[in-house]
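Just below is one structure, and these are the notes that go with it.
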Amino acid sequence: MKFRSVVDNHDNASRVMLAEGDLNKEHFNALCEWLAAECRNKQVVLSLTKVEIMTSQLLEMINQIVNFLTLTGNEVVICDVNPATAAIVTNFTDGINFKTARDFKHAVTLF
Amino acid sequence: MLSNGQDKTKIAEQQAQLDEQQNRLDSQRTELGNQQKKIDSQQDEIDDLTNQINAAKFDLPILKLSSKILLVALVGSMDSFKSQTVMENILNRIKEQETRVAIVDIAGIKVLDSSVAAHLVRIAMASNLMGCNCIISGISPKIASNIVNLGVDISYIKTTNTLEDAIKHAYSVMGLKIVAA
């Protein structure tokens, strides 16, 4: 299966730029398996730079991906959340249970 | 004296007149309904414009304490509309300036209801999502009680009693320390 998300492997962490179109329930397991195989680093930075419109379902999927990657032995940080997305997310949740960073550069300092 | 046939004709004429009046009334009622809808939509537009004017009048000084630290001092009364504006402005500034710490000082706020308290929590949460630490300083006992009553997770929000403590904490996050000269 082809995904629109992009994985870059760097020296210190793998950067995953999640594409909005890949975040759906039908392909969730395949996406997780693909991510686990593609990320060659135990430190994974999930970038939301390609996510323009956040919904509660998308947030739920992102949460599940974070949980999946954490359970498979990775450290995960979310980054590149734009102001509109950040404001919308606060409508869906009472708390954030993952590490967040401004951008990839900031994220790698949190591992 | 009218005959039975003439009676029937007159009644039929009167009935026709009544029906016509009824139809006229119905169409006037429809027209009134349409006008009411138009008035309602114009009222909505006026409300939106009033809110925009209020937002334009509402000055929100966002001070840059250092290249990565912002300070927002909220003063006077706050309502949901103002707190929404505050949130948008702070988040945009965090994005523009790659801010690492945002201090929101609420010591100058006189009245803060639970909806505004909820907005403050949302500001802190949204800032955290963008990778920026948010410190809320100057929380009075009443405001603290309002926030606690919201029943939301506030473990990720750093709060301090005074602005001085908030500034010290902000510098410590940056790995800096304020020392006497």
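Some points to look at:
- Modelled spin labels at B:E13 and B:R29, positioned 7 Å past Cα toward Cβ, are 2.8 nm from each other.
- Hits among aspartates and glutamates - C-alpha to C-alpha of B:K158 under 17 Å, sequence gap 8 or more where chains match: A:D94, B:D105
- Residue-averaged 222 nm ellipticity for the protein assembly as shown, from DSSP H runs of 4+ at -39500 (n - 2.57), nearest 500: -17500 deg cm²/dmol
- Estimated FRET transfer efficiency when R0 is 41 angstrom, pair B:S66-B:Q36 (beta carbons, to 0.05): 0.15
- Amide H contacts of A:E75 (H built 1.01 Å from N, under 5 Å, at least 5 apart or other chain): A:Q43, A:V44
- For the residues of A:76-86, the average number of beta carbons from a partner chain within 10 Å of their own beta carbon is 5.
- Taking 7 Å steps out from each Cα toward its Cβ at A:M1 and B:S77 produces label points 5.4 nm apart.
- Karplus 3J(HN,Hα) series, Hz, for segment A:32-40 with 6.51 cos²θ - 1.76 cosθ + 1.60 (x for Gly, Pro): 4, 5, 4, 4, 4, 6, 6, 6, 9
- Charge tally in the Cβ shell below 15 Å around A:R102, where Lys, Arg are +1 and Asp, Glu are -1, A:R102 excluded: +3
- Working value for chain B: equivalent-ellipsoid semi-axes of 65, 16, 13 Å, each the square root of 5 times a Cα gyration tensor eigenvalue, largest first.
- Distance histogram in 5 Å bins (all Cα pairs of the protein assembly as shown, percent per bin): 1, 5, 10, 12, 13, 11, 9, 8, 6, 5, 3, 2, 2, 2, 2, 2, 2, 2, 1, 1, 0, 0, 0, 0
- Cα radius of gyration and Dmax for chain A (Å): 12.8, 36
- Amide H to amide H distances under 5 Å link B:L65 with B:L70, B:L71, where only residues 5 or more positions off or on other chains count and H is placed in the peptide plane.
- Rounded to the nearest 20 debye, dipole of the protein assembly as shown from Cβ charges on Lys, Arg, Asp, Glu: 1060
- Pairs from B:K68/B:K142; A:K50/B:K64; A:K2/A:K42; B:K68/B:K95; A:K105/B:K95; A:K99/B:K177 whose Cα-Cα separation, in the structure shown, is over 19 Å: B:K68/B:K142; A:K50/B:K64; A:K2/A:K42; A:K99/B:K177
- For segment B:173-178, 3J(HN,Hα) computed residue by residue from phi via the Karplus equation (6.51, -1.76, 1.60; θ = phi - 60°) reads 4, 7, x, 10, 9, 8 Hz, glycine and proline entered as x.
- Segment B:93-98 - phi-based ³J(HN,Hα) in whole Hz, Karplus 6.51/-1.76/1.60, Gly and Pro as x: 5, 4, 5, 5, 9, 6
- Projecting the Cα atoms of B:A180, B:N149, B:V86 onto the charge dipole of chain B, computed from C-beta unit charges around the Cα centre, puts B:A180 farthest toward the positive end.
- Built amide H within the under 5 Å cut-off of B:I135, gap 5+: B:A102, B:I103, B:V104
- Remark: C-alpha extents of segment B:85-181 on the principal axes read 40, 29, 23 Å, sorted largest to smallest.
- Descending Cα extents along the principal axes, segment B:134-176, whole Å: 35, 19, 9
- Sparse packing (at most 11 other Cβ atoms within 10 Å of the Cβ) combined with a DSSP loop state is found for the following GluC sites (Glu not before Pro) in segment A:4-46: A:E26.
Coordinate-derived values only; no laboratory data. Predicted model, so just to flag it, every value in this text is computed and none were measured. Here the Cβ is made from the backbone with ideal geometry for all residues, glycine too, and neighbour counts use every protein chain on show.
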